[in-house]
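Undergrad: One structure, pasted below without further comment.
The values are calculated or read from the model by the stated rules, or taken from the named source; none is laboratory data. Note that the structure is predicted; figures quoted are calculated from it, not measured. Cβ coordinates were reconstructed from backbone atoms using ideal geometry, including for glycine residues, and neighbour counts include every protein chain displayed. These area figures cover heavy atoms from the full protein model, side chains too; ligands, DNA and RNA do not enter into them. Shrake-Rupley method; radii C 1.70, N 1.55, O 1.52, S 1.80 Å.
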Amino acid sequence: MRKLICFAAMLVLPLLASAQTTGRFTITPRVGVMVSDLAGSDYKSLYESKTGLGIGADVEYRFNDVLGLSLGAFYTQQGAKTNMALLYGNKFATFNQDEFIPYKMTDEITQMGTVGDIDFNRKDYEQYLYYRFQKTKLDFLSVPVLLQAHVWDGLTVKLGVQCDILLNAKIETELEAGVDGVITHSKPEIDVDDTKNVAFSVPIGVSYSYKNIELDARYLWGVSKINKQQDDEGNYKNSSFMITLGYNFHL
């Protein structure tokens, strides 16, 4: 991360030295779609991309006709779809139904795999919990700092650093609970505690402006892990694509 910050500083300092008093600011509110996934897992088959919302604004300072530097703030919905299932089952297990977790066999997973892999006879268990995980939902306040090169009339190339501040982390599930032959279904959302409060990514993007309307596309390459501890599945990193439509207000 230090090398990344130093590299960004090397890019920005020459621009600051060449700044002119004739520079101008542009404010661009944006709204669009996020397509996100989780990279770094050894069990890639358990995850696939999900869509979410990206909304916010950039403020750009133009040093000259070619180069500019922008600071932004966005609400971004990242994460991934999850195709994982867990079965907790035991003839003598006792479950905390309020929290939807087994409290006498937390580490005793009967089966684990994709939803299609787990097959069990419900009559074999007096009590069981069968989780089918649907989505890992990670909401961030994303703050990108971008070097912008206006290479052609309306066409801009962008590169920088983004800080993602975690706002919310949940797993959306479907739960089937069986107790003494009585089966119930619910859709609880489980809080994810093993998620870092801050993550970093490198935005690489391009935009095209026609008059004051701007179409922007960015790939957000996660460079820091988002899970606090390394587990058997590896270190998770954000991997997202954001496309937005914005309107330029020149000040």
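Undergrad: Please go through the residue pairs K158/K228; K50/K225; K81/K187 and name each one whose alpha carbons sit more than 23 Å apart in this structure.
TA: Values: K158/K228 30 Å; K50/K225 19 Å; K81/K187 15 Å.
Correct reply: K158/K228.
Undergrad: What is the sum of charges around A199, taking Lys and Arg as +1, Asp and Glu as -1, for the other residues whose C-beta is under 9 Å from the C-beta of A199?
TA: Numbers: positive: K196, K225, K237; negative: D164.
Every neighbour counted, the sum reads +2.
Undergrad: Another question about this same structure. Residue by residue through segment 197-214, which ³J(HN,Hα) values in whole Hz follow from phi under the Karplus form 6.51 cos²θ - 1.76 cosθ + 1.60 (θ = phi - 60°), with glycine and proline marked x?
TA: Using θ = phi - 60°, the values come out as 6, 9, 9, 10, 9, 10, x, 10, x, 8, 9, 9, 10, 10, 6, 9, 8, 10 Hz.
Undergrad: What do you reckon, how do L67, L220 stack up by accessible area (1.4 Å probe), largest on top? Mind showing how you got there, number by number?
TA: Working: L67 50, L220 5 Å².
Ranking L67, L220 by accessible area, largest first, yields L67, L220.
Undergrad: What are the residues whose amide H is under 5 Å from the amide H of V223, where those residues sit 5 or more places off or on another chain and H is modelled from the backbone?
TA: F200, S201, V202
Undergrad: Moving on. Normalised by the number of residues in segment 120-220, what is the relative contact order in percent for Cα pairs under 8 Å and 6+ residues apart?
TA: Details: 208 pairs, mean separation 29.3, N = 101.
After rounding, I find 29 percent.
Undergrad: Chymotrypsin sites (Phe, Trp or Tyr not before Pro), restricted to segment 103-182: which are DSSP loop and have at most 12 other Cβ atoms within 10 Å?
TA: Working: sites: Y103, F120, Y125, Y128, Y130, Y131, F133, F140, W152; in loops: Y103, F120, Y125.
Passing sites in segment 103-182 are Y103.
Undergrad: May I pose another question? Starting at the first residue of segment 163-171, write each ³J(HN,Hα) from the Karplus equation 6.51 cos²θ - 1.76 cosθ + 1.60 with θ = phi - 60°, in whole Hz, x for Gly and Pro.
TA: With coefficients 6.51, -1.76 and 1.60, one gets 9, 10, 9, 5, 9, 7, 9, 9, 10 Hz.
Undergrad: Please list L69, L215, L138 in order of solvent-accessible area, largest first, computed with a 1.4 Å probe with all protein chains present. Kindly include the intermediate steps, with their values, before the conclusion.
TA: Working: L69 40, L215 95, L138 5 Å².
The ordering from most to least exposed comes out as L215, L69, L138.
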